[in-house]
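A.B. asks: This structure is in structure tokens; I'll ask about it shortly.
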Amino acid sequence: MATTVAAAPTHATHAHTGLWSWITTVDHKRIAILYFFTALGFFFVGGFEALLIRLQLSHAGATVVSAQMYNSLFTMHATTMIFLALMPMSVAFFNYIIPLQIGARDVAFPRLNAFSYWVFLFGGIFMNISFLMNVAPDGGWYGYATLTGKAYSPTHSIDFWAVGLQILGVASLAGAFNFITTIINLRAPGLGFMRLPVFTWMTLVTSFLIILAFPVITVALVELMFDRLSPVPTNFFNVAKGGDPLLWQHLFWVFGHPEVYILILPAMGVISEILPTFSGKPLFGYAFIVYSGIFIGFMGWGVWSHHMFTVGLGPLGDTFFALATMLIAIPTGVKIFNWIGTMWGGSIRLVTPMWFAIGFISMFIIGGLSGIMHSSPPADTQQNDTYFVVAHIHYVLFGGTMLGLIAGIYYWFPKVTGRYMNETLGQWHFWLTMISMNLTFFPMHFSGLLGMPRRVYTYQKGMGFELYNQMSTAGALLLAVSLLIFLHNLIRSIRKGEVAPTNAWNGATLEWATATSPPPEFNFQKLPTVKTLDPLWHQEGPKGHKIDVGGTDGHGIHMPNPSYWPMFAAFGMTVMMAGLIFGLTLGVPGGLLFVYSTYRWALEPAS
Amino acid sequence: MADSKRPSFPLALIAFVLLAVLAFAAGDAATGWAQSSTYPQTTLEPRSEVARAIDDVLDGIVLWVIVIFVVVQAALVLTVARFRQRPGGAPARHMHGNTTLEIAWTLAPAIILAFIAVPTVKVIFDNAKPTKGDIQVRVIGHQWWWEFQYPGKGVITANELHLPVGKTVSFELESVDVIHSFWVPAFAGKKDLIPGRTNHLWFTPEVTGTFPGQCAEFCGASHANMYFKVVVQPQEEFDAWLAQQKAPVAPPDSASLAARGLAIYQKGQCVACHMIDGVSYGVVGPNLGKVSTRATIAAGMFPNDDENLTAWIRNAPALKPGSLMTRQDMSDEDVAALVAYLRTRR
Amino acid sequence: MSEPIAAAAGSAPVVHDDHHYTSTGQSSRKILFWTFIGSECMLFGSLIATYLIYRGRDKVGPHPHEILNIPLTSVSAFVLLMSSLTMVLALAGIQRGDIGKTRLWLAATAILGMMFVGFQIYEFNHFVHEGLTLSTNLFGSTFFVLTGFHGAHVTVGVLWLWTLFFLTFTGRIKAGNDLDVEICGLYWHFVDVVWIAIFTLIYLLQ
């Protein structure tokens, strides 16, 4: 157990250094690292956008940025954080952890996995190129018709947004297909569904939400693109020809609400791993946590119109969607109580990952409660489109998802690098984050209830909004400091962190059973056989079952060959899609490269 | 390894300071909530039955939310404090769950939600009652200003909605371009103005005064600059206002500056977009028939004084991003004449 | 659930042959493909929903009943249905190890698919001459985008079938490659089923 080698030599035949090895890699662990740093980069881009937003709102009538730029900033802040930071950061965890947690040597389709990553990277770059061309998307991340129509958004800003989201959708879908298959089909012998770690469960639920929700926004975006880009434009959202702007809202939120759970469920999974480990006892109510996660995922399909309480659905529609929304509070509550139950009676080690997990619960409660406040349509008609809702989503997405993912970073860092992150810096990071995020987001409840609409680049003097906005701005600056501390800790610890044993925290799940940290390329020399939940905690005693994964000798184990075709296919596809905006000179070569690379990929030997 | 390290004390101290600051903010807000003078657009000071019903629902929810917040956060903090690892502390007790507990904490939120759901549904239906109203107003959203029509009364105005106190007013909400949202927090929740659809809303203002409203659905470049005011007046003042809005305006004296302004108005681009009954019939911009009875210009951005009006006519997009009114290259004299003419429109 | 493999993994010092191990015993490619089809259902479901929501809301014609040619489309639907039959025969061929039959029925399926696409091109062309384009009204927008998406799926399927057909000559598809044909067949049947839904909802239930 105490093999403390930071980078153990393995018998893998594939090159492990140099840029080319990263471009051609199909190893889920290296793809995870690519995902992680790319998502982190976009997270800082989105954070920078947020700081500009906060500076612009620091006093009435400020002129830090123009109205036009402000509209682009809030659009791209949300789009970036959702599609380029939080989702791919979750996918980084799926990639690294899922095969390890289920005792597999890789994902089911390693090259498809590489393809997902490259599509995500190119899609993210594509969307941000719009800033350089001065046509950054400016219609809001939800892009309501008819504002996104050609008549009201004549530049390419909305085209960049729509095409960019289509590209990113491909990445998400390909990844989700892969993880569903991996989890269904590559579980170690004996690892039945009700023995799966909760993180794996939540990944499975999230992946199903992705494959069912993304096609809906794909269709909505196709309709928008036909309206905008077709030489013979369609009328989907053309009111003059009978098109209905509400069709867009329905399609968007049928996607958009499951998307919220796509963002939060992985973090809930991470928390459900961390709490038992540091409480030294199994997850309380495992089955209830799993079922409530499935129930939340299922109910996520029946509540989309609670984003539309002000459009005039009529009292029956409002009532139905209000009650369905309130119902979701129940499984959410069940999860929170079970997490607290997990800690109850434990011996809680208060280290950074655990602090962030506790912080997640505490902050998520606030986000959940403000959510209940606007599940009631009458109350929502006053809160909708105000800063109150901005406060709510940030308690859910920052206080929830982001804190959960940060907890996961501290937790699994020793597995990925063989070293711990620095604990003192970690604690500074945690406490500064808690202080600054509350300073940033809590006052938004007040500014919202006191009448400040969201998505306004300025406000008038005498409305009483200054104080709360200045608190938020100060908090945002402090939050930036805490994130810099985190970044420093991360980079420093990769090289200088305290060396960790393979089971760095006495975890119970299979990822902690690998022979080394980081694990050998093939993960497990022998596929482990699992007989219980929390297998690493049930190895001793007469009923114990020793988990044996062999050593570091990979001789004779077939691992998939590296390939650059996924990258070329992804690049070709991105260029092809860009051709939708810029014409055939891009579209045709891109399409040819895409088709050619796909054929080469399909026909090359996989291993 | 690092298990023994404690949270840094300076940070815990800062956390307390933050709590104090937030408490101050909450206190400030709480006292401020009773004063629309400090927060003119507050949602928490209802001035109509409709808004009060909403506020009552919210109050009920807030009560429950505070209770849940305190109980659950306390449970979390106490659990962490009590079971944190310390020298000589008890080892972790392995237990996998407890079905009775699970049922209890499934039922508890369900019961609380029922307490929230019942008044919610009641208010949904109460506030959606179709109402003819004592007075009807058609609200038409434009990028980025408000058109208010009083059907049957022959009055069309912009950005300043006059209503008689104590009379139920029913609105028809429409849009000519993109989605906007009509919002006067003192009187009602938001209702969207959706192109191709007509939405309905009603309320009964209970007090006189001036109440701010604002577009609450992102509608493009100057979404932030789409304000309006609701002026609630005693019936006789309202009737006087209606009469004034309808009263014909005598053409300016032919030798006056205003007469020159009228000529410029008729020659220039103004007529393409603006309406002045008997003079021009544009429908893109606000009706200017009684423009000088209004307190502000540019959808509530600026006081309606000569200086602002001059600057606006010269270069509207510089004052209001995206404004559809283009910059007018006119001599100072021409602009002054135009302003003089518009000042006769009262 | 997988006793023999579990036993093997338990004793042997290094297991070399476990990289074909799967928890369900099914091929991962097949599971992936079923999830893909689930996703495609939502795609076509959303397109069909759009069509149904906009049905009858047109402000100008041509309206569906004025222009849709049910007899003609019944023929093309029949052609597509027959292609599902030939697809089944192609799969049966490779399962029996009869590469000649596989080749024959793959080609037949592809040709029937091309006929269907031909019918659709004729139909689109005809509609444009009748004055129905993407721009004409809501019916034009929803009809062309929905059926066009389906046609694009058929086209991809045809390319896939011809690819398999040619790979039987290079030796890449040979006896034992049942799965390659089976998955292509899954796709083909799915596209066929979608057409039955579209045909019923657009053509028959006007």
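The values are calculated or read from the model by the stated rules, or taken from the named source; none is laboratory data. Just so it is clear, the structure is predicted and the values come from calculations on it, not from any experiment. With ideal geometry, Cβ positions are generated from the backbone for all residues, glycine too; neighbour counts draw on all protein chains shown.
A.B. asks: Would the stretch A:155-170 turn up any residue that is polar (S, T, N, Q), more than 23 Å from the chain's Cα centre (by Cα) and either part of a loop (DSSP other than H, G, I, E, B) or at positive phi (or both)? Outline the logic, then answer.
C.D. replies: Filtering the stretch A:155-170 for residues polar (S, T, N, Q) gives A:155, A:157, A:166.
After this cut, where a residue has to be more than 23 Å from the chain's Cα centre (by Cα) as well, the list is A:155, A:157.
Among the residues that remain, those that are also either part of a loop (DSSP other than H, G, I, E, B) or at positive phi (or both) are: A:155.
Checking the stretch A:155-170: at least one residue is polar (S, T, N, Q), more than 23 Å from the chain's Cα centre (by Cα) and either part of a loop (DSSP other than H, G, I, E, B) or at positive phi (or both).
A.B. asks: So, one more: So, in the stretch A:117-142, exactly how many residues are more than 10 Å from chain B (Cβ to nearest Cβ) and within 23 Å of A:V311 (Cα to Cα)? Walk me through it before giving the result.
C.D. replies: Let us first name the residues in the stretch A:117-142 that are more than 10 Å from chain B (Cβ to nearest Cβ), namely A:117-137, A:141.
Add one more test, that the residue is within 23 Å of A:V311 (Cα to Cα), and what stays is A:141.
The qualifying residues number 1.
A.B. asks: Give the residue that is surrounded by the most Cβ atoms within 10 Å (Cβ to Cβ), with candidates limited to residues of the stretch A:318-365 that are at the interface with chain B (Cβ under 7 Å from one of its Cβ atoms) and under 15 Å from A:H392 (Cα atoms).
C.D. replies: Among those residues, the one meeting the criterion is A:I361.
A.B. asks: Looking only at the stretch A:275-291, which residues are surrounded by fewer than 24 Cβ atoms within 10 Å (Cβ to Cβ), at negative phi and either of a type in the set (S, T, Y) or assigned to a loop (DSSP other than H, G, I, E, B) (or both)?
C.D. replies: Within the stretch A:275-291, A:P282, A:Y286, A:Y291 meet the criteria.
A.B. asks: Determine whether B:V121 is under 27 Å from the mean Cα position of the chain (by Cα), without any contact (Cβ under 8 Å) to a residue 60 or more places away in the chain and farther than 30 Å from A:Y152 by Cβ. Spell out how you get there, then give the answer.
C.D. replies: Numbers: under 27 Å from the mean Cα position of the chain (by Cα): yes; without any contact (Cβ under 8 Å) to a residue 60 or more places away in the chain: yes; farther than 30 Å from A:Y152 by Cβ: yes.
Yes, satisfied.
A.B. asks: Additional query: Out of the stretch B:205-229, which residues are facing chain A (nearest Cβ under 7 Å) and not in a strand (DSSP E or B)? It would help to see each step written out before you state the result.
C.D. replies: Within the stretch B:205-229, the subset facing chain A (nearest Cβ under 7 Å) is B:214, B:216-224.
Listed by number, the residues that qualify are B:A216, B:E217, B:F218, B:C219, B:G220, B:A221, B:S222, B:H223, B:A224.
A.B. asks: Tell me which residues, restricted to the stretch A:341-385, are charged (D, E, K, R) and under 12 Å from B:R84 (Cβ atoms). Don't jump to the end; show me each part of the working.
C.D. replies: Start the filter on the stretch A:341-385 by keeping residues that are charged (D, E, K, R), which leaves A:349, A:380, A:385.
Once the filter is applied, which keeps residues that are charged (D, E, K, R) and under 12 Å from B:R84 (Cβ atoms), the stretch A:341-385 yields only A:R349.
A.B. asks: Moving on to the next point. Return the total of residues in the stretch C:132-163 being facing another protein chain (nearest Cβ under 8 Å) and of a type in the set (A, V, I, L, M).
C.D. replies: 3
A.B. asks: Can you pull out every residue in the stretch B:293-335 that is touching a residue at least 40 places away in the same chain (Cβ under 8 Å), crowded, with 18+ Cβ neighbours inside 10 Å and assigned to a helix (DSSP H, G or I)?
C.D. replies: Listed by number, the list holds a single entry, B:D334.
A.B. asks: What are the residues in the stretch A:221-239 that are crowded, with 22+ Cβ neighbours inside 10 Å, within 11 Å of chain C (Cβ to nearest Cβ) and in a helix (DSSP H, G or I), if any?
C.D. replies: Matches in the stretch A:221-239: A:L221, A:E223, A:D227.
A.B. asks: Collect the residues in the stretch B:235-288 that are over 28 Å from B:I135 (Cα atoms), in a loop (DSSP other than H, G, I, E, B) and either under 31 Å from the mean Cα position of the chain (by Cα) or of a type in the set (S, T, N, Q) (or both), keeping them in residue-number order.
C.D. replies: Result: B:S254, B:S256, B:Q269.
A.B. asks: To continue, here is another question. Mind listing whichever residues of the stretch C:87-97 are touching a residue at least 40 places away in the same chain (Cβ under 8 Å) and surrounded by fewer than 18 Cβ atoms within 10 Å (Cβ to Cβ)?
C.D. replies: Matches in the stretch C:87-97: C:V88, C:Q95, C:G97.
A.B. asks: Of the residues A:T155, A:T218, only one is β-branched (V, I, T) and either surrounded by 24 or more Cβ atoms within 10 Å (Cβ to Cβ) or within 8 Å of chain C (Cβ to nearest Cβ) (or both); which?
C.D. replies: On the way: A:T155 fails: either surrounded by 24 or more Cβ atoms within 10 Å (Cβ to Cβ) or within 8 Å of chain C (Cβ to nearest Cβ) (or both).
Result of the check over A:T155, A:T218: A:T218.
A.B. asks: Now for a different question. Go through (1) farther than 30 Å from A:S597 by Cα; (2) modelled with pLDDT of 95 or more and name the single condition A:G541 misses.
C.D. replies: Every listed condition holds for A:G541 apart from (2).
A.B. asks: Name every residue in the stretch A:555-575 that is touching a residue at least 60 places away in the same chain (Cβ under 8 Å) and within 9 Å of chain C (Cβ to nearest Cβ), in order of residue number. Steps first, please.
C.D. replies: Pass one, the stretch A:555-575, residues touching a residue at least 60 places away in the same chain (Cβ under 8 Å): A:555, A:557, A:559-567, A:569-571, A:573-574.
A:H555, A:I557, A:M559, listed by residue number.
A.B. asks: Filter the stretch B:50-106 down to the residues that are in contact with a Gly (Cβ under 8 Å, 6 or more places away or on another chain), closer than 21 Å to A:Q383 by Cα and not β-branched (V, I, T) and list them by number.
C.D. replies: Within the stretch B:50-106, B:A51 is the sole residue that qualifies.
A.B. asks: Working carefully through the options B:P234, B:P286, B:P205, B:P212, find the one that is surrounded by fewer than 17 Cβ atoms within 10 Å (Cβ to Cβ) and not aromatic (F, W, Y). Before you say what the answer is, go through the steps one by one.
C.D. replies: On the way: B:P286 fails: surrounded by fewer than 17 Cβ atoms within 10 Å (Cβ to Cβ); B:P205 fails: surrounded by fewer than 17 Cβ atoms within 10 Å (Cβ to Cβ); B:P212 fails: surrounded by fewer than 17 Cβ atoms within 10 Å (Cβ to Cβ).
Unique residue meeting the criteria: B:P234.
A.B. asks: Residue check, A:G242 against (1) within 14 Å of chain B (Cβ to nearest Cβ); (2) in contact (Cβ under 8 Å) with a residue 24 or more places away in the chain, all met but one. Which one?
C.D. replies: It is condition (2) that A:G242 fails.
A.B. asks: Next question. Tally up the residues in the stretch A:189-204 that are within 12 Å of chain C (Cβ to nearest Cβ), in contact (Cβ under 8 Å) with a residue 24 or more places away in the chain and in a helix (DSSP H, G or I), please.
C.D. replies: Matching residues across the stretch A:189-204 total 2.
A.B. asks: Now a separate question. In the stretch C:22-31, what residues are more than 17 Å from the chain's Cα centre (by Cα) and within 8 Å of chain A (Cβ to nearest Cβ)? First the steps, then the outcome.
C.D. replies: At the first step, the residues of the stretch C:22-31 found to be more than 17 Å from the chain's Cα centre (by Cα) are C:22-28.
Across the stretch C:22-31, the qualifying residues are C:T22, C:S23, C:T24, C:Q26, C:S28.
A.B. asks: List the helices (runs of 4 or more DSSP H) inside the stretch C:32-141, counting only whole elements, that have at least 1 residues being under 15 Å from the mean Cα position of the chain (by Cα), at pLDDT 95 or above and more than 30 Å from A:R228 (Cβ to Cβ).
C.D. replies: Values: elements: C:64-67, C:70-95, C:99-129.
Per the criteria, C:70-95, C:99-129.
A.B. asks: When both residues are 6+ apart or on different chains and their Cβ atoms are under 7 Å apart, which pairs have a first residue that lies in the stretch A:172-188 and is closer than 15 Å to A:L100 by Cα, and a second that is buried (at least 24 other Cβ atoms within 10 Å of the Cβ) and basic (K, R)?
C.D. replies: Every condition considered, no pair remains.
A.B. asks: Go through the stretch B:41-57 and give me each residue that's in contact (Cβ under 8 Å) with a residue 40 or more places away in the chain and among the hydrophobic types (A, V, I, L, M, F, W, C). Spell out the reasoning first.
C.D. replies: So the first thing to find is which residues in the stretch B:41-57 are in contact (Cβ under 8 Å) with a residue 40 or more places away in the chain, and the list is B:41-43, B:45-51, B:53-54, B:56-57.
Residues satisfying the conditions are B:V50, B:A51, B:A53, B:I54, B:V57.
A.B. asks: Specify which of the listed residues (B:T120, B:T157, B:T79, B:T99) is within 7 Å of another protein chain (Cβ to nearest Cβ), farther than 18 Å from B:A188 by Cβ and among the hydroxyl-bearing types (S, T, Y).
C.D. replies: Details: B:T120 fails: farther than 18 Å from B:A188 by Cβ; B:T157 fails: within 7 Å of another protein chain (Cβ to nearest Cβ); B:T99 fails: within 7 Å of another protein chain (Cβ to nearest Cβ).
Going through B:T120, B:T157, B:T79, B:T99 in turn, the sole match is B:T79.
A.B. asks: Would it be correct to say that A:Y410 is touching a Pro at 6+ places or on another chain (Cβ under 8 Å), within 7 Å of another protein chain (Cβ to nearest Cβ) and within 30 Å of A:E521 (Cβ to Cβ)? Talk me through it step by step, then tell me what you get.
C.D. replies: Details: touching a Pro at 6+ places or on another chain (Cβ under 8 Å): yes; within 7 Å of another protein chain (Cβ to nearest Cβ): no; within 30 Å of A:E521 (Cβ to Cβ): yes.
No, not satisfied.
A.B. asks: Oh, and also: Give the stretch A:364-381 a look and list any residue that's touching a residue at least 24 places away in the same chain (Cβ under 8 Å) and either in a helix (DSSP H, G or I) or touching a strand residue (DSSP E or B) at 6+ places or on another chain (Cβ under 9 Å) (or both), or say none.
C.D. replies: A:F364, A:I365, A:I366, A:G367, A:G368, A:S370, A:G371, A:I372, A:P377, A:D380, A:T381 - these are the residues of the stretch A:364-381 that are touching a residue at least 24 places away in the same chain (Cβ under 8 Å) and either in a helix (DSSP H, G or I) or touching a strand residue (DSSP E or B) at 6+ places or on another chain (Cβ under 9 Å) (or both).
A.B. asks: In addition: Can we say A:V390 is over 19 Å from A:I262 (Cβ atoms), assigned to a helix (DSSP H, G or I) and either touching a residue at least 24 places away in the same chain (Cβ under 8 Å) or within 20 Å of the chain's Cα centre (by Cα) (or both)?
C.D. replies: Values: over 19 Å from A:I262 (Cβ atoms): yes; assigned to a helix (DSSP H, G or I): yes; either touching a residue at least 24 places away in the same chain (Cβ under 8 Å) or within 20 Å of the chain's Cα centre (by Cα) (or both): yes.
Here the answer is yes, as A:V390 does meet what is asked.
A.B. asks: Go through the stretch B:102-119 and give me each residue that's under 13 Å from A:L327 (Cβ atoms) and surrounded by 13 or more Cβ atoms within 10 Å (Cβ to Cβ).
C.D. replies: Within the stretch B:102-119, B:T106, B:P109, B:A110, B:I112, B:L113, B:I116, B:A117 meet the criteria.
A.B. asks: Have a look at A:K496, A:K526 and point out the one that is crowded, with 19+ Cβ neighbours inside 10 Å and among the basic types (K, R).
C.D. replies: On the way: A:K496 fails: crowded, with 19+ Cβ neighbours inside 10 Å.
Testing whether each residue is crowded, with 19+ Cβ neighbours inside 10 Å and among the basic types (K, R) leaves just A:K526.
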